[in-house]
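What follows is one structure encoded as structure tokens, with my remarks underneath.
The values are calculated or read from the model by the stated rules, or taken from the named source; none is laboratory data. Everything quoted here is computed from the prediction, not taken from an experiment. For neighbour counting, all protein chains shown are included, and Cβ atoms are generated from backbone atoms with ideal geometry for every residue, glycine included. Side chains included, ligands, DNA and RNA excluded: accessible areas come from the protein's heavy atoms. Shrake-Rupley method; radii C 1.70, N 1.55, O 1.52, S 1.80 Å.
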Amino acid sequence: MCTMLKICGLICIFAACYLTGLELDRSLKRRWLFFREMKDTLLSLEQEMTWYRTPLPETLKRAASVCKTPLRPMLLCCAGQMEARGGQSFEEIWKISARNHLPGELMRSDAEYQALLEVAGALSCADVVMQKTYLQQYQQRFDGLSDMAYQEWQERGALYRRLAAAFGAAAVIILL
């Protein structure tokens, strides 16, 4: 009976270590997917707003309907706040939505977070030509962030999984 309990404990320790590695890998992947989706969303917003002249709240809802990352609730919150007409500027609405709906693990540096906040200025620009230019610049910026996040996921994700499995195996061997 005691041996079975010890084996179950060792299996639990190994599983916990390995699952920790998987979660670290998954967080890197979520970060990459967020930046990629942000770039794709900016492209969609640019097309809707400059070609079709769709109002911003409706454009945000359409963009949110295809999102799969935490960007979706952020865009829906922005659209809802704009339709509520609470008297806030779009930049304030965007900032509050970003703070409330995006997990902290997605933005690792202040520069990344600042880039996200600066998108509000591009979306609320009155001049269509300037708006298109700004949105294209932010698409390029998020494309670069997406590429860096993808490389980080490819390099570190597998490393995290392997190290976690090795640590779990070492812990099991030590506890035997």
Completion exercise
What helix-only [θ] at 222 nm does the chain give? Using -39500 (n - 2.57) per DSSP H run of at least 4, over all residues, to the nearest 500, the answer is -29500 deg cm²/dmol
Handout entry: Residues in the range 2-39 reached by a label modelled at A158 [backbone nitrogen below 20 Å; 7 Å Cα→Cβ]
Key = 18-33
Handout entry: Rounded percent of accessible protein surface that carbon and sulfur make up, the range 32-73, 1.4 Å probe
Key = 55
Practice task
Mind running the shape call on the range 79-167? Use the C-alpha gyration tensor, a ≥ b ≥ c as the square roots of the eigenvalues: rounded below 1.5 for a/c, prolate if a/b tops b/c, oblate otherwise.
Solution key: oblate
Problem - Radius 14 Å from Cβ of L24, net charge of other residues (Lys, Arg +1; Asp, Glu -1) - result: +3
Problem - Of T3, Y52, L76, farthest towards positive along the dipole that unit charges on Lys, Arg, Asp, Glu beta carbons give the range 1-146 - result: T3
Problem - Accessible area per residue, Å², the chain with all protein chains present, probe 1.4 Å - result: 59
Exercise for the section: Give the distance, in whole Å, between the Cα centre of the range 140-164 and the Cα centre of the range 1-33. Expected result: 21
Exercise for the section: Between Y138, Y113, Y150, find the one with the highest GNM mean-square fluctuation for the chain; connect C-alpha pairs within less than 10 Å. Expected result: Y113
Exercise for the section: Before anything else, pin down the relative contact order of the chain: Cα pairs under 8 Å, at least 6 apart, normalised by residue count, whole percent. Expected result: 41
Practice task
Rounded to whole Hz and in sequence order, give me ³J(HN,Hα) for the range 115-120 from the Karplus expression 6.51 cos²θ - 1.76 cosθ + 1.60, θ = phi - 60°, writing x for Gly and Pro.
Solution key: 4, 5, 5, 5, 4, 4
Practice task
Identify all lysines with a Cα-Cα distance to K39 below 23 Å; exclude those on the same chain that are fewer than 8 residues away in sequence.
Solution key: K29, K61, K68, K95, K132
Problem - Approximate spin-label separation A126-Q47, in nm, with each point projected 7 Å along Cα-to-Cβ - result: 2.9
